[in-house]
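One structure is given below, encoded as structure tokens.
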Amino acid sequence: MTDNRVILEAGGVCRTADLIASGVTKQTIRRALDANLLVRVRQGIYCSDASHLAATAAQHGGTMACVSALRAHGVWVHDESSTLHVGISPRARNHWHEGCACVVHRSAFTAGLGITSVAIALVQVARCMGEEVFFAALESALNKRLLSSDERAWIRSNVTRRFAELVDFARSDAESGLESLVRLRLSRLGVSTRTQVRIEGVGRVDLVIGNLIVELDGRENHDGPSQRHKDLMRDANAAKAGWRVLRFDYAMVIYDWPLVRDTILAML
Ligand SMILES: [Zn+2]
Ligand SMILES: [Zn+2]
């Protein structure tokens, strides 16, 4: 179907009226349905791929929202569950579907189908998930330049004071969710860190506290022998220049924070 683009731009789902408005004829819709290029989600609602999460949200009569929307936008989300979060407007009827385990948000900002915007999804996260999930997602969105300064201010004015403080604390230079989490957790212990510091002979490091370098190895980019060699070279060069270096991986930060925390505090 040549007008699949119309559906993709709507986040994978749209209504008959949207297709007609963009010039698709009823006959084309019928042919696309016959050829399985289009799937009917509900009466008058179509999607390009039935496995699409936005299609499940559309079955509810709403949008992918909260952490699900952020993931779809490419934002790092510190939540390993695959539960779909759906946003529907306050007065809309919520349609259930077979096997539903979705988290449904009643949100005044929700309208139509598809994927909720990054700014609205972050406000939903502030009401649904904890502070750490919100903060790491916010810094990831800022780093990927998915938020304007107006949107950042809008988020700040639509969350409680504790979350507003996190908006003020957030930076756009955090290159991984791990870095966001560690910086936030250390600040709550009264330990302030410098981020993305460039060190002569070493390169840019994740966090610096006094003369201690803390390197955080994300899941994606620290595998394989060549990366291990690079990491060892960096650590050797840093030590030669008088720095102390601690290196933690994803599993340590996420599943064994007390060890990471106590190790850093012992070095200070
Ligand atoms: Zn949620
Ligand atoms: Zn559901």
Return only the number of the condition from (1) within 14 Å of the chain's Cα centre (by Cα); (2) within 10 Å of ligand 2 (Cβ to nearest atom) that residue 74 does not satisfy. (2)
Quick check: is even one residue across region 143-152 among the aliphatic types (A, V, I, L, M) and either farther than 19 Å from residue 77 by Cβ or not in a loop (DSSP other than H, G, I, E, B) (or both)? no
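Here is a yes/no grid of residues against (1) farther than 21 Å from residue 193 by Cβ; (2) away from ligand 1 (no atom under 16 Å from the Cβ); (3) part of a helix (DSSP H, G or I):
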| site | (1), (2), (3) |
| --- | --- |
| 108 | yes, no, no |
| 111 | yes, yes, no |
| 133 | no, no, yes |
| 138 | no, no, yes |
| 167 | no, yes, yes |
Could you check residue 178 against (1) part of a helix (DSSP H, G or I); (2) surrounded by 15 or more Cβ atoms within 10 Å (Cβ to Cβ); (3) in contact with a Ser or Thr (Cβ under 8 Å, 6 or more places away or on another chain) and say which number it fails? (3)
Please verify whether residue 159 is within 16 Å of ligand 1 (Cβ to nearest atom) and more than 13 Å from residue 62 (Cβ to Cβ), treating the condition exactly as stated. yes
Being surrounded by 12 or more Cβ atoms within 10 Å (Cβ to Cβ), under 20 Å from residue 133 (Cα atoms) and more than 22 Å from the chain's Cα centre (by Cα) is true for just one of 260, 214, 205. Which residue is that? 260
Close pairs from region 101-128: first under 18 Å from residue 77 (Cβ atoms), partner of a type in the set (Asp, Glu) and more than 11 Å from ligand 1 (Cβ to nearest atom), Cβ under 8 Å, at least 6 apart: 118/151; 119/151
Can you report the number of residues in region 50-71 which are of a type outside the set (A, V, I, L, M, F, W, C) and more than 14 Å from ligand 2 (Cβ to nearest atom)? 2
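Matching residues to (1) outside the structural domain of residue 261 (by TED's automatic domain parsing); (2) among the aliphatic types (A, V, I, L, M); (3) within 15 Å of the chain's Cα centre (by Cα):
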residue	(1), (2), (3)
135	yes, no, yes
141	yes, yes, yes
149	yes, no, no
153	yes, yes, no
156	yes, no, no
182	no, yes, no
185	no, no, no
Test for residue 77: is it in a helix (DSSP H, G or I) and either farther than 30 Å from residue 250 by Cβ or touching a residue at least 60 places away in the same chain (Cβ under 8 Å) (or both): no
Could you tell me how many of the residues in region 98-134 are within 16 Å of ligand 2 (Cβ to nearest atom), surrounded by fewer than 17 Cβ atoms within 10 Å (Cβ to Cβ) and more than 19 Å from residue 159 (Cα to Cα)? 4
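The values are calculated or read from the model by the stated rules, or taken from the named source; none is laboratory data. On a predicted model such as this, the values are computed, not experimentally measured, just so you know. Every residue, glycine among them, receives a Cβ derived from its backbone with ideal geometry; neighbour counts consider all protein chains shown.
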